[in-house]
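Laboratory data are not the source of any read-out in this text; all were calculated from the coordinates shown. Predicted model, so just to flag it, every value in this text is computed and none were measured. Positions of Cβ are generated from backbone atoms using ideal geometry, with glycine treated the same way; all protein chains shown enter the neighbour counts.
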């Protein structure tokens with residue numbers, strides 16, 4: 001039976017670094033797609049699509065994350081990792097006080113993940129770049145909305161302790177009873 005494993009947390013908390021390590025260890029992983037959406041919008045002259053057209057951005061994310069989930073289901077992989085999930089979308093819209101249609105909650109209930117690993121805000125590793133513009137304080141506030149979205153959906157959240165990328169990756173794998 002396939003396990004769909006989700007990595008969640010605010011921007012700059014180490015999710016992608018752990019996902020990249022999982023990829024190097026030959027695990028089947030789906031990267032965060034928001035950077036791809038952001039870069040495409042920037043190529044079209046829209047600096048921050050989420051801030052200027054939040055529903056369009058969120059719709060693009062929903063479509064992409066739904067496709068990732070369906071691709072995972074079709075795969076023969078026993079374990080599939082995701083960098084962010086469908087509920088992240090409405091968590092962000094709640095954070096930004098953006099009204100959205102019920103489809104976001106419906107899709108969050110339809111596509112369920114088996115385990116959710118949470119990466120807490122960590123000032124020592126937080127960085128801002130061309131696609132990640134959130135300050136550490138904003139990351140901390142976003143994290144509250146992420147946790148609420150997932151707990152409201154009934155998920156048990158596993159907190160990943162601070163440590164090196166290898167330690168954090170090993171924690172996730174050990175929690176899944178995977179060979180390191």
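Here are the numbers:
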| read-out | value |
| --- | --- |
| Order of 92, 100 under a 10 Å beta carbon neighbour criterion, fewest first | 100, 92 |
| Spacing of the two label points (7 Å from each Cα toward its C-beta) at residue 135 and residue 55, in nm | 3.0 |
| The chain, relative contact order in percent, only Cα pairs under 8 angstrom and at least six apart counted | 35 |
| Separation of alpha-carbon centers, the stretch 137-180 and the stretch 77-103, rounded to whole Å | 15 |
| Degrees separating the helix 86-95 axis from the principal Cα axis of the chain, which is the longest one | 40 |
| In degrees, nearest ten, helix 54-74 long axis to first principal axis of the chain (Cα) | 30 |
| Ranking of 5, 38 by count of other Cβ atoms within 10 Å, fewest first | 38, 5 |
| Computed E for residue 44/residue 124 - FRET, C-beta separation, R0 25 angstrom, nearest 0.05 | 0.10 |
| Contour minus Cα-Cα distance for residue 164 and residue 75 (0.36 nm per residue) | 29.0 nm |
| Three-way shape call for the stretch 3-175 based on the alpha-carbon gyration tensor, with the a/c threshold at 1.5 | rounded |
| Computed [θ] at 222 nm, deg cm²/dmol, the chain (DSSP H ≥ 4; -39,500 (n - 2.57); rounded to nearest 500) | -15500 deg cm²/dmol |
| Nearest 10 degrees, 0 to 90: helix 165-175 Cα axis against the chain principal axis | 70 |
| Footprinting exposure proxy for 1, 93 (fewest neighbouring C-beta atoms within 10 Å first) | 1, 93 |
| GNM result for the chain, Cα springs below 10 Å: residue of 142, 86, 33 fluctuating most strongly | 33 |
